1. With +1 on each Lys and Arg Cβ and -1 on each Asp and Glu Cβ, and nothing else charged, work out how big the dipole of region 235-327 is about its Cα centre, in Debye to the nearest 20.
2. Roughly how much of Ser286 is accessible, in Å² to the nearest 10, using a 1.4 Å probe?
3. Got a sec to turn the phi values of region 453-468 into Karplus ³J(HN,Hα) couplings, 6.51 cos²θ - 1.76 cosθ + 1.60 with θ = phi - 60°, whole Hz, x for Gly and Pro?
4. Modelled label-to-label distance, Glu280 and Phe31, 7 Å Cα→beta-carbon offset: nm?
5. Over the Cα atoms of region 46-122, how large are the radius of gyration and the largest Cα-Cα distance (Dmax), in Å?
6. Strictly under 4.7 angstrom between C-beta atoms: which cysteines of the chain have no such partner?
7. Any idea of Ser461's accessible area? Nearest 10 Å², probe 1.4 Å.
8. Taking a cut-off of 29 Å between Cα atoms, list the lysines near Lys372, but don't count ones fewer than 8 places away on the same chain.
Amino acid sequence: RITILPHGSLRILNASKSDEGRYLCQGVNIFGSAEIIASVSVKESTVLSCKALHDSTMDVTFYWTHNGQPIDFEKEGGHFESIKAQASSADLMIRNILLMHAGRYGCRVQTAADTVSDETELLVRGPPGPPGVVIVEEITDTTATLSWSPGADNHSPISLYNLQARSPFSLGWQTVKTVPDLISGDMESAMAVELNPWVEYEFRVVATNKIGTGDPSAPSRVIRTNEAVPKTPPANVSGRSGRRHELVIAWEPVSEEFQSGEGFGYIVAFRPNGTRGWKEKMVTSSDASKFIYRDESVPPLTPFEVKVGVYNNKGDGPFSPIVVICSAEGEPTAAPIDVKATSLSVSEILVAWKHIKESLGRPQGFEVGYWKDMQQEEAAEKVKTEGNESSILLTGLEGNTLYHLTVRAYNAAGYGPPSTAVHAATKKSPPSQAPGNIMWIQDGSHVSLGWEPVRPLANESDVMGYKVLFRQEGQSNSQVIETQKTSAVVLLPDVGVYIIEVCAVSEGGDGTASPQIRVPSFSGGKVTSAQSTLHVLSTSSSSVTLLLALMVPSTSW
């Protein structure tokens with residue numbers, strides 16, 4: 001029955017007296033809130049009654065007309081309803097009555113013998129109609145004098161008027177302050193005050209009577225208030241990071257709504273703490289939000305008193321409150337020392353360094369540049385750290401490649417000098433050959449493995465040993481046994497089927513893994529059977545061949 005519409009209005013269907021009262025609508029955003037209160041009164045439906053004296057032996061029919069036209073109860077939008085409570089009377093109920101329902105209503109009573117009729121005048125009172133054309137008669141920098149003609153009062157005298165304005169900077173139409181403060185219903189002019197200079201406005205007028213507030217007038221023509229000296233200084237004047245010997249002053253630009261005229265700009269004034277004379281610099285861009293003063297004689301972190309004012313073609317406006325800002329600390333001046341680059345794998349190099357602590361130009365992080373031996377330093381790729389990190393792992397590098405590397409500190413002011421270049425070569429690629437001709441013998445839960453050694457190619461890393469990886473089928477994490485031999489013994493800890501793989505280990509990382517071996521374990525880590533089986537996985541062809549199976553009868557099953 002009660003609905004909030006998408007644009008924010010509240011709709012109440014089948015309103016009754018219980019819906020009367022004061023309704024508050026509140027809008028909220030991150031900048032604050034605004035609200036409006038409306039008083040709602042619910043009026044009873046209008047009823048016209050028609051009674052007739054007639055012969056009781058004859059049937060009576062009642063017909064209703066509005067301004068001479070028969071009322072079609074099916075096509076009148078549900079406003080009209082015919083109610084016949086008794087044989088000799090009928091009522092016409094008008095629900096949700098509108099101004100359009102005013103006029104002459106007729107009741108015609110007909111029997112088989114005769115017809116009689118009568119009429120009555122219905123007066124509908126409502127909120128005022130929209131006022132006539134709004135004329136802007138006089139304009140200053142902060143006021144506009146308006147006049148208008150009254151609209152229809154709809155049978156209830158107009159009690160007061162309300163002036164509204166709209167500008168490119170407002171959120172729709174807003175009520176403006178006026179002189180007089182309250183505009184009575186017999187007035188046809190008023191002055192809008194406290195407008196902003198050099199801003200385009202439209203105005204409209206809304207009338208109110210005892211019944212309610214009517215629709216607004218059509219908007220006036222667009223006018224622009226006169227220019228004036230600006231009155232709003234910039235807000236949030238503060239310092240920013242800069243290079244050595246720089247004083248960086250920043251502020252929030254003044255909105256066009258408050259610039260008050262053409263030729264708007266800023267006056268930046270500053271002086272070292274404890275001195276008397278101000279240095280002033282003009283910034284002619286209305287959108288500017290920063291000014292940089294550079295003086296080689298200014299030491300880092302020198303405190304300055306700073307204020308920022310405004311001006312336009314009409315004159316100089318006020319300055320912001322004085323704040324204290326220090327000159328820039330500057331970019332780092334020392335290069336990192338003890339830079340070391342260590343190759344970890346075919347694609348990784350670890351870079352570490354130390355930094356000399358400075359009282360000025362403190363780093364916010366470090367940048368590592370690296371490039372291949374046959375490239376120029378200008379082609380270097382760069383990666384940054386933040387804070388006091390003193391190492392970084394470079395990844396995604398090419399294998400068997402010599403890299404040159406430098407490290408430099410940085411902060412908001414810029415970059416410091418780079419370190420002396422260091423060099424490191426990534427490891428050769430791991431062996432591409434997988435361990436071949438794997439043989440295994442299972443003795444209960446023990447699996448003895450053997451394989452042919454891997455022989456790396458010339459451009460591959462030397463074999464340092466082997467890894468045996470085994471996991472229970474259906475699991476993703478493998479257990480690992482490392483060995484420098486070409487054999488190993490694996491204890492299968494639980495009942496189930498195990499997947500076993502073997503790969504070579506080298507400086508460049510792990511080599512290609514062997515084909516998977518599926519081995520069942522029935523004893524869960526305990527030798528409960530004396531049976532053993534020799535298997536050979538030949539990699540000389542694409543098929544897995546079972547060469548020998550030796551069964552030893554169990555005596556303890």
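1. Numbers: 11 positive and 11 negative charges, 90 e Å.
Once rounded to the nearest 20, the dipole reads 420 debye.
2. 30
3. Whole-Hz 3J(HN,Hα) from phi for region 453-468: x, 8, 10, x, 6, 4, 8, 10, 5, 5, 6, 9, x, 9, 10, 10.
4. 3.1
5. 12.7, 41
6. Cys25, Cys326, Cys503
7. Only protein atoms counted, so the area is about 10 Å².
8. Leaving aside lysines fewer than 8 places away in the same chain, those within reach of Lys372 are Lys340, Lys354, Lys382, Lys384, Lys427, Lys428.
The values are calculated or read from the model by the stated rules, or taken from the named source; none is laboratory data. On a predicted model such as this, the values are computed, not experimentally measured, just so you know. Virtual Cβ from ideal backbone geometry, glycine too; neighbours counted across all protein chains shown. Quick note on the areas: whole protein, heavy atoms, side chains included, nothing else; ligands and nucleic acids left out. Shrake-Rupley method; radii C 1.70, N 1.55, O 1.52, S 1.80 Å.
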